[in-house]
Amino acid sequence: MLSDKKRKERKKNLYVLTSMVKQNVRFKYRNSFLGVLWTVLRPILEMLVLWFIFGQFFGNGDPTYHLYLLSASIAFNVLSEATLTSLKSIANSTGLLNSTKLSYEVIPLAKTLSSLVNFLFSAVALILIMLFTMIFVPGYYVNWTIIFVIVWLPCLVVFSYGVSLLLAALYVFFRDIEHIYGVFMVLWRYLTPLFYKTDSFPNAVVMIININPMTQYVDFFRTIIGQNGLPGTVPALSQFLFIFGWAIAMYALGALVFKSLKRKFILYL
Amino acid sequence: MSKEVLIELKNVCVQYRFPTEKVNSVKEYVVRFFKRKLKYRRFNALDNISLKVCRGESLGIIGHNGAGKSTLLKVIAEILEPTTGSVEINGISTLLSLGTGFDPEETGRNNIYLSGAYMGLSKKQIDEKYDEIVAFSELGEFINVPIKNYSSGMRSRLAFAIAVDVEPDIMLTDEVLSTGDAAYARKCSEKIAEIKQKGTTFILVSHSMSLVRSMCSKVLWLDHGKMKMYGDADEVCSAYEADSLQKSKAGETPYQKLNVTET
């Protein structure tokens, strides 16, 4: 009887979740002429801009520097989009939460999964560029190691979901989080090797950059798609451990904070 | 005499705790935390409420503004968890309050699907009911227009049409039946009578005594979060009306005895 009720509840949540994700994706490209095509175009255009600016400094001797840029930017985008949209998601759902019985977690989860969907669209851009690169850069090819994306992507999404839960819960009580996180995001972006290479950096700086979990996610992704003009390789065991570990730790923290605060949400909305 | 119990509340208390001054920033919170200056006021929105509603019965909830009527509805809708006490609900419940739960940017059509999803319906179930909902709401072409362009009457039409078509076991309404034009209001009350006959239990919050009298068999009178009177509709409504009249003559306002304790 109870398990039946639970199963029904889960089925309902799943349907709500898919409706919300669809709605979010639709919302993002509402009133834009090219619509979802932007998800493919934007990373490529951004890549060109960064390549134009930093190509001379960091791209020297790297025939696949454009992949270095593109892979990192779409990977980092999963985190930034998920967290920035989740941040206000609970606080902005006042009407919904006051009138319907809904698992609160569904709301930031829908935001996180929407950013996953956008990543999948952007991945089309990456694959196209990778195939082009095969033609123009001798020695580079798309290796089978790209299959490890099925391990990497869930880890990145779980990690982002953990951060999202944490932010969404705290934002209900402290609206400053928006500004604090905005500044933190700038710092986080610059502490992740999105366009620079750490080879010539002093050791102390490299250490700080390596503590940053996003460095691990970006590195892993580059390892499997290939870098420095060479095809992808199998990541080291430590790389696997890092992406697993960070995902579990961040999810645990986010879920714990969210769970302990969610009973009070409705009183503050 | 073995009627199915749909709603059972036992000693339900809901306590709101709000800071004496609103602390909305981290800095302020930390400063006050260390200075031990985080003062809260506790306010009992609901105080020791126990009630039982069986299938087919209808309950009216009356009381002055701020008596805890809407809070009680939220507890029954399982949106708000009581601070103490237990709530047991058997069956699907929907809370119908003005225009909430709709996404203003989306069209009426998409909102029907979203609301249906929130109430626990699958896409297939909504597909089946879609035409009926649109027909009942009489929105016509407006169904493909974003909700933000609707009038408040149109919104409540849509909300009502969705809620009644779901045929929930328990329908909670918070002052919604008073909107809409006369013709539509009649249509609504006919529909309500129809689904009441099918076994839907209504919980009605209203200030209109005539509406409560005509729709409900039992009435609960809330006063400052406490159960002041509970029983036969006519009896409670009359007592409430007499009390209101007497109070307004005496110049007493309902908020004079806000039961707040400082901690």
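Ranking A:52, A:66, A:32 by Cα position along the charge dipole of the stretch A:1-93, where only Lys, Arg, Asp and Glu carry charges on their C-beta atoms, puts A:32 farthest toward the positive end. Taking all C-alpha pairs of the protein assembly as shown, those more than 43 Å from each other amount to 32 percent. The fraction of accessible area contributed by carbon and sulfur in chain B is 51 percent, rounded to a whole number (1.4 Å probe; ligands and nucleic acids excluded). Ignoring aspartates and glutamates fewer than eight residues from residue A:264 along the same chain, the ones with Cα atoms less than 16 angstrom from its Cα are A:105, B:78, B:81. Between the listed residues A:192, A:146, B:137, the Cα displaced farthest toward the positive end of the dipole of the protein assembly as shown, a dipole computed from Cβ unit charges relative to the Cα centre, is found at A:192.
Expressed to the nearest 5 percent, the antiparallel share of DSSP beta bridges inside chain B is 60 percent.
For chain A, the relative contact order comes to 27 percent (Cα pairs under 8 Å, sequence separation of at least 6). Burial annotation for the stretch B:41-84: residues with an accessible-area loss of at least 30 Å² between the isolated chain and the complete set of protein chains, computed on heavy atoms with a 1.4 Å probe, are B:74, B:78, B:79, B:80, B:81. Judged by the ratio a/c of the largest to the smallest principal axis of the C-alpha gyration tensor, chain B counts as oblate, that ratio being 1.5 or greater while a/b is no larger than b/c. Across the cross-link table entries B:129/B:198; A:22/B:124; B:226/B:249; A:262/B:196, which are compared at the Cα atoms, the separations over 28 Å belong to A:262/B:196. For residue A:190 and residue A:249, the difference between the fully extended length at 0.36 nm per residue and the C-alpha to C-alpha distance is 19.0 nm. Here the extension length gained between residue B:141 and residue B:238 equals 30.4 nm, from 0.36 nm per residue of separation less the Cα-Cα distance. With the helix formula -39500 (n - 2.57) applied to DSSP H stretches of n ≥ 4, chain A reaches a computed 222 nm mean residue ellipticity of -26000 deg cm²/dmol. Subtracting the Cα-Cα distance of residue A:60 and residue A:269 from their residue separation scaled by 0.36 nm leaves 70.0 nm.
Take residue B:226: with every protein chain present and a 1.4 Å probe, its accessible area is about 100 Å². Residues in the stretch A:1-133 average 51 Å² of solvent-accessible surface per residue, probe 1.4 Å, ligands and nucleic acids excluded. The A and B chains share an interface that buries close to 2600 Å² of accessible area, total over both sides, probe 1.4 Å. Relative contact order of the stretch A:63-159: 38 percent, from C-alpha pairs under 8 Å at least 6 residues apart in sequence.
Calculate, for residue B:65 and residue A:147, the FRET efficiency according to 1/(1 + (r/R0)^6) with r their C-beta to C-beta distance and R0 45 Å; round to the nearest 0.05.
Efficiency for this residue pair is about 0.10.
Which of the helices in chain A meet the span-like rule: DSSP H, Cα axial reach of 30 Å or more, Kyte-Doolittle mean at least 1.0? Membrane-span-like by this rule: A:37-58, A:106-136, A:149-173, A:237-268.
Around the Cα centre of the stretch A:1-128, unit charges on the Cβ atoms of Lys, Arg, Asp and Glu (plus for the first two, minus for the last two) sum to a dipole of about 960 debye.
Placing dummy labels 7 Å off each Cα toward the beta-carbon, the span from residue A:94 to residue B:15 is 2.6 nm. With a Förster radius of 51 Å applied to the beta-carbon distance between residue A:201 and residue A:27, the computed FRET efficiency rounds to 0.80.
The values are calculated or read from the model by the stated rules, or taken from the named source; none is laboratory data. Just so we're clear, the structure is a prediction, and the values are computed from it rather than from any experiment. Note that each Cβ is placed from the backbone with ideal geometry, even for glycine, and that neighbours are counted across all protein chains shown. All accessible areas refer to the heavy atoms of the entire protein, side chains included, with ligands and DNA or RNA removed. Shrake-Rupley method; radii C 1.70, N 1.55, O 1.52, S 1.80 Å.
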